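The structure appears below as structure tokens.
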Amino acid sequence: MIKAADLPNTIAVFPLPGALLLPRSRLPLHIFEPRYLAMLDDVLKTPERMIGMVQPNEVPGREGPGLQVIGCAGRITQFTETEDNRYLITLTGVSRYRILAEVDGFTPYRRCNVDWTGFDRDLGQTEHDEAFARPAFLALLQRYFEQLQLQTDWETLKDADDELLINSLSMLLDFGAEDKQALLEAPSLSTRRETLVTLLEFALRGGGSEDLIQ
């Protein structure tokens, strides 16, 4: 397990709209752009093998995408090269971080100085949601899946640990970028579950966003 003292002050960041990584969760990525191939090559040479996922944050009048302040860093735990020199990797979430400043440099990808303070919970043991009413939550989720005509393995969902269930749904369901950011920034598993319930209920009411109901 990575300790707080082992976390680097500067990390490569990968701005990817809609992609959410959470601590102790796994995110598969397909790397093929030259700048991110260079990033991957450099990151694999470091002892931490860490990439910071972050949501772009468009700023009017600024050239290129801005970045959200809070992201989540993951360690490369699986790595496969394809025959046409692309890579399939898996990031395992380590900890959220706060961006302090972007680093000017000669790399084709972006790097940031980051602060890990305030996210000690991310480096601890698996979280449990003591107030989790699973039957009511699964009933709500089933209504959502039926409305969007989605399929899933309900037996697996019924048996999944609290953290695995809530974090996996937060990462996989098709919410907008701002909603994904709210799920990321939730201070605890309980508040993430409450945010997720709010988003599901909003979607079932028709919401106001085409991102929630297609």
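The values are calculated or read from the model by the stated rules, or taken from the named source; none is laboratory data. Not measured: the values here are computed from a predicted model. Every residue, glycine as well, gets a Cβ built from its backbone with ideal geometry; the counts of neighbours run over all protein chains shown.
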Got a number for residues in the range 126-138 being loosely packed, with under 11 Cβ neighbours inside 10 Å and either among the small types (Gly, Ala, Ser) or part of a loop (DSSP other than H, G, I, E, B) (or both)? 3
Residues located in the range 134-155, provided they are of a type in the set (A, V, I, L, M, F, W, C) and in contact (Cβ under 8 Å) with a residue 24 or more places away in the chain: Phe137, Leu140, Leu141, Leu148
Applying the selection to the range 107-125, what residues are in contact with a helix residue (DSSP H, G or I) (Cβ under 8 Å, 6 or more places away or on another chain) and surrounded by fewer than 12 Cβ atoms within 10 Å (Cβ to Cβ)? Asp120
Matching residues in the range 1-45 - criterion: being within 23 Å of Thr191 (Cβ to Cβ) and in a strand (DSSP E or B): Arg26, Leu27
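Each row is one residue, and each column tells you yes or no for (1) more than 24 Å from Asp162 (Cβ to Cβ); (2) buried (at least 20 other Cβ atoms within 10 Å of the Cβ).
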| position | (1), (2) |
| --- | --- |
| Leu16 | yes, no |
| Arg24 | no, no |
| Phe32 | yes, no |
| Ala38 | yes, no |
| Ile51 | yes, yes |
| Arg75 | no, no |
| Leu88 | yes, no |
| Ser95 | no, yes |
| Leu100 | yes, no |
Report, by residue number, each residue of the range 1-32 that is touching a residue at least 60 places away in the same chain (Cβ under 8 Å), in contact with a Lys or Arg (Cβ under 8 Å, 6 or more places away or on another chain) and over 15 Å from Val54 (Cα atoms). Ile2
Looking at Val103, is it in contact with a Lys or Arg (Cβ under 8 Å, 6 or more places away or on another chain), among the hydrophobic types (A, V, I, L, M, F, W, C) and closer than 27 Å to Lys3 by Cα? yes
Restricting attention to the range 161-199, the residues that are part of a helix (DSSP H, G or I), of a type in the set (Gly, Ala, Ser) and without any contact (Cβ under 8 Å) to a residue 60 or more places away in the chain number exactly 1
Tell me, which residue of the range 200-214 that is in a helix (DSSP H, G or I) and surrounded by 17 or more Cβ atoms within 10 Å (Cβ to Cβ) is modelled with the lowest pLDDT? Ala203
For the structure I just gave you, tell me whether Val54 is under 14 Å from the mean Cα position of the chain (by Cα) and of a type in the set (Val, Ile, Thr). yes
Name the single residue that is surrounded by the most Cβ atoms within 10 Å (Cβ to Cβ) among those in the range 144-176 being under 19 Å from Leu21 (Cα atoms) and aliphatic (A, V, I, L, M). Ile166
